[in-house]
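I have placed the structure first, in the form of structure tokens, so that the comments after it can refer back to it.
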Amino acid sequence: MTRWILAAGVCAAIVFGVAPAAHAAAGVQFVDVCGGVAVSADAPEGATVTLRKNGAVVGSLPLPGGAFTVGAAHGETIGVSVAGAPEVTHSHVGPQGCTGEVPIRVDFDTVCPDLARLRIHLTTMPATATVVVTVNGVEGNPVQASTGTVSYPVPAVPDGAVLAVYQLLSGGVRAFQASHVFHTPTGCGPGSLSATFTDLCFGELAFDVFNTATGQQSFEVLRNGAAHTQFTVEHGASARKLADLSAGDVIAFRLGDVFATHTYQVPAACAKPDQVDVSFTDTCAGTSVTIANYGSLQPFLVQTSDGLADLRQVPIGTSVTIDVTGATVTVSKTLSEDPLLATHHYVKPAGCTVLPVTGSGTARIAATGALIVLLGAAVYALARRRATLR
């Protein structure tokens, strides 16, 4: 049910949310305002309110006395569940005459050892938004977000603390945007980090850093003992590159202590026009073709005399192995006047199991067997005929 009201020259819609009839739910009302939705519920103050936007949970908060506002973009669906009751939803329709309201989206990162990093995304550009962050209800200084994404660090966050983000709308309205329960990360420190390195052409070094801590970690990169740059790695693995290196440069990764070192060398393949290594390994089942790419941007085509044509894009700094069969295997570039990279002729390794005979020999054996069966059948039929004539 919808009822329109006009107060102080501002038009707003009051919508009474209805939950599924099979469940009891606190009565929830929605009022569309500029930049959000004012929500009120027939429930005791302090009851837990869980909020969703377009089906995704954005947080929860204790039900305040009276109405509270949830930030929303035009067309965004707000879902409200009070004290575990079935969710009631409402699609926001921005009232006419609204100007300057900027929808935002908030993500939370956990950073070692006890820092929370908020990423505030402005969904329209150019724009400016004012945001207030609270930790267990204690407000910090307002944050002015004026670009696409603003990173806001909150240091020394206690384990289990609730961070909440509010946007200041016109008329002094404070709109809830998101909340997050912070959990102190575990496993922080250099012992939870490791790295692998791949030398590339043109002075580039690719590396993967593996982080087993439950929070982000930032580490320093040293080049020949001097500070060079810094990287941040999420929990899991992160692939990165360094550039403009010279042969013999020593690279070290440090987080308090050094946890990985590598000396850059120019790969031998870089002396080739295509910066590619192709190798072949014959097995009893066929040929394994390995393409290691150190600097080429072209796709590669693997073809065999059996009619296989396999087109592969091999990213720089990686390799791919393809198992094929055929007497002859070729590997070519696809965007070159001189495309052929390598040709290989299959040689079966010694000791391979001999497979059953197939082909024309088998056909001859089968034909001979069929002839014997036919002759046997004819002899049997002739014998039965003589027995009948007697």
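Any chance you could look up the accessible area of TYR152 with a 1.4 Å probe, heavy atoms only, rounded to 10 Å²?
Its accessible surface works out to 50 Å², give or take rounding.
Tell me, what HN-Hα J-couplings in whole Hz come from the Karplus equation 6.51 cos²θ - 1.76 cosθ + 1.60 at θ = phi - 60° for each residue of region 171-178, using x for Gly and Pro?
x, x, 6, 9, 10, 5, 10, 6
Less than 11 Å Cβ to Cβ from ASP274, Lys/Arg counted +1 and Asp/Glu -1: what total charge do the surrounding residues give?
0
Computed from the mean reciprocal separation of all distinct C-alpha pairs, what Kirkwood hydrodynamic radius does region 254-321 have, in Å?
With all distinct Cα pairs of region 254-321 included, I get 14.4 Å.
For an R0 of 51 angstrom, estimate the FRET efficiency from the Cβ-Cβ distance between THR290 and THR186 and round to the nearest 0.05.
0.85
Using the Kirkwood formula over every pair of different C-alpha atoms, what hydrodynamic radius in Å results for region 160-247?
Roughly 16.2 Å, rounded to one decimal.
Express in % the proportion of alpha carbon pairs of region 104-203 at distances exceeding 19 Å.
51
Quick check: net charge around THR184, other residues with Cβ under 15 Å of its Cβ, Lys/Arg +1 and Asp/Glu -1?
Here the count lands on -2.
Compare HIS183, HIS74 by solvent-accessible area with a 1.4 Å probe and give them largest first, with all protein chains kept in place.
I get HIS74, HIS183, largest accessible area first.
Enter the Cα centre distance for the pair region 140-166 and region 200-217, rounded to the nearest angstrom.
Cα centroid to Cα centroid, the span is 27 Å.
Read phi for every residue in region 148-155 and hand back ³J(HN,Hα) as whole Hz from Karplus 6.51 cos²θ - 1.76 cosθ + 1.60, θ = phi - 60°, with x for Gly and Pro.
x, 9, 10, 9, 10, x, 10, x
Would you check the accessible area of THR214, probe 1.4 Å, heavy atoms only, in square angstrom rounded to 10?
Roughly 80 Å² of THR214 is accessible to a 1.4 Å probe.
When only the heavy atoms of the protein chains count and the probe is 1.4 Å, how do THR281, THR232 rank by accessible area, highest first?
THR281, THR232
Can you give the local net charge around ALA129? Use residues other than it whose beta-carbon is closer than 12 angstrom to its beta-carbon, Lys and Arg +1, Asp and Glu -1.
Residues close to ALA129 contribute a combined charge of 0.
In whole Å, how far is the Cα centre of region 62-84 from that of region 236-307?
Here the two parts' Cα centres lie 53 Å apart.
The values are calculated or read from the model by the stated rules, or taken from the named source; none is laboratory data. None of these values were measured; they are calculated from a predicted model. Don't worry about glycine lacking a Cβ; one is built from the backbone with ideal geometry, like all the others, and counts go over all protein chains shown. Please note that ligands, DNA and RNA were not included when accessible areas were found on the heavy atoms of the full protein model with its side chains. Shrake-Rupley method; radii C 1.70, N 1.55, O 1.52, S 1.80 Å.
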